[in-house]
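Here the structure is laid out as structure tokens; the discussion comes afterwards.
The values are calculated or read from the model by the stated rules, or taken from the named source; none is laboratory data. None of the values given here were measured: they were computed from a predicted structure. Cβ coordinates were reconstructed from backbone atoms using ideal geometry, including for glycine residues, and neighbour counts include every protein chain displayed.
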């Protein structure tokens with residue numbers, strides 16, 4: 001390996017973003033943030049690193065395995081690099097903005113870093129854009145966040161968008177009523193539900209009982225399009241607490257269908273992976289033929305000043321820029337005009353709105369032909385001495 005190759009080598013999961021993709025990513029980010037702003041969400045900017053005990057306390061413990069840690073040479077305390085920005089926003093709301101009337105609407109955009117990538121997202125550093133609605137228990141709050149994100153993605157040009165609604169609190173509610181300790185689950189019940197493995201559920205009858213097998217088998221059958229799913233779920237004889245959870249989900253779906261009748265909605269009431277700290281309705285965005293999640297979110301409890309869970313509920317969404325970019329057409333090249341050794345002309349063209357690339361007199365000439373020079377410089381037009389011509 002030569003020195004040049006060695007100097008350009010980056011750790012696994014990290015990458016440089018080059019033109020024109022870097023500019024395209026920035027424009028996508030600002031477009032999404034502008035869409036959130038239309039709904040009254042105000043932008044905040046949390047730090048890249050925080051004290052470890054704050055970042056990973058309460059609901060933040062769910063990101064502990066994905067968090068880089070380092071020693072702060074100033075305070076001599078351990079720091080954590082954020083692996084997710086959601087809980088940082090909740091912390092800001094409960095501390096710096098604790099006196100602001102509720103509900104409060106906040107948005108954010110920034111980079112996150114994780115210890116490991118995944119099969120669907122091998123990158124360890126990527127852009128995260130999101131919004132949090134904090135202090136409202138209304139089902140309309142959950143619906144607003146879903147609708148806002150769906151509208152932002154649709155306006156951006158993401159095709160064939162769909163949202164999968166989940167309820168990770170449903171299974172624990174059933175287990176509590178049936179006195180099944182899912183927290184001590186050895187990978188049997190929880191794994192079978194997440195993998196939608198009906199035979200594996202049936203095989204657990206000796207362990208969890210026939211009543212539980214019937215309930216969970218019914219839940220698996222309900223996975224699918226929203227209307228059919230709710231029809232199946234409403235026929236299941238659920239315990240009281242589980243029925244209340246289902247009523248909340250039904251209210252959110254009804255609001256979504258009323259306000260966005262064309263949005264494709266599916267329901268998965270047994271999925272819990274990635275929703276370890278959520279306390280209510282969750283959702284995941286997908287786009288047809290695009291690998292990986294476009295974004296995800298749901299309801300959770302905000303953190304207080306010490307990083308502990310509070311009783312203040314919130315619902316939010318996180319959108320993943322790398323996946324969004326894969327869902328969009330390749331960025332179109334901007335018109336760029338090439339001007340050779342004519343600074344006044346260059347300035348005039350910039351004032352007219354052109355992107356101008358100048359060739360200075362002292363620069364080496366790529367070619368004697370100005371049009372070839374323009375093409376080599378990646379320009380779509382050039383100054384021919386009296387006017388702008390297309391390459």
- Only one of 210, 155, 181, 247 is surrounded by fewer than 16 Cβ atoms within 10 Å (Cβ to Cβ), without any contact (Cβ under 8 Å) to a residue 12 or more places away in the chain and in contact with a helix residue (DSSP H, G or I) (Cβ under 8 Å, 6 or more places away or on another chain); which? 181
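I need the full set of residues from region 69-90 which are within 25 Å of residue 35 (Cα to Cα) and out of contact with any helix residue (DSSP H, G or I) (no Cβ under 7 Å at 6 or more places or on another chain), in order please.
Applying the first criterion (within 25 Å of residue 35 (Cα to Cα)) to region 69-90 yields 82-90.
Those that are within 25 Å of residue 35 (Cα to Cα) and out of contact with any helix residue (DSSP H, G or I) (no Cβ under 7 Å at 6 or more places or on another chain): 85, 86, 88, 89, 90.
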- Item | For residue 378: the one exception among (1) within 22 Å of residue 21 (Cβ to Cβ); (2) surrounded by 13 or more Cβ atoms within 10 Å (Cβ to Cβ); (3) in contact with a strand residue (DSSP E or B) (Cβ under 6 Å, 6 or more places away or on another chain) | (3)
- Pairs under 9 Å by beta carbon, first residue modelled with pLDDT of 90 or more in region 4-19, partner part of a helix (DSSP H, G or I), six or more apart or different chains? 16/22; 17/25
- Item | Residues of region 158-177 classified as touching a strand residue (DSSP E or B) at 6+ places or on another chain (Cβ under 8 Å) and surrounded by fewer than 17 Cβ atoms within 10 Å (Cβ to Cβ), total | 3
- Note on the structure: Within region 358-381, the residues that are within 11 Å of residue 340 (Cα to Cα) and under 40 Å from the mean Cα position of the chain (by Cα) are 358, 374
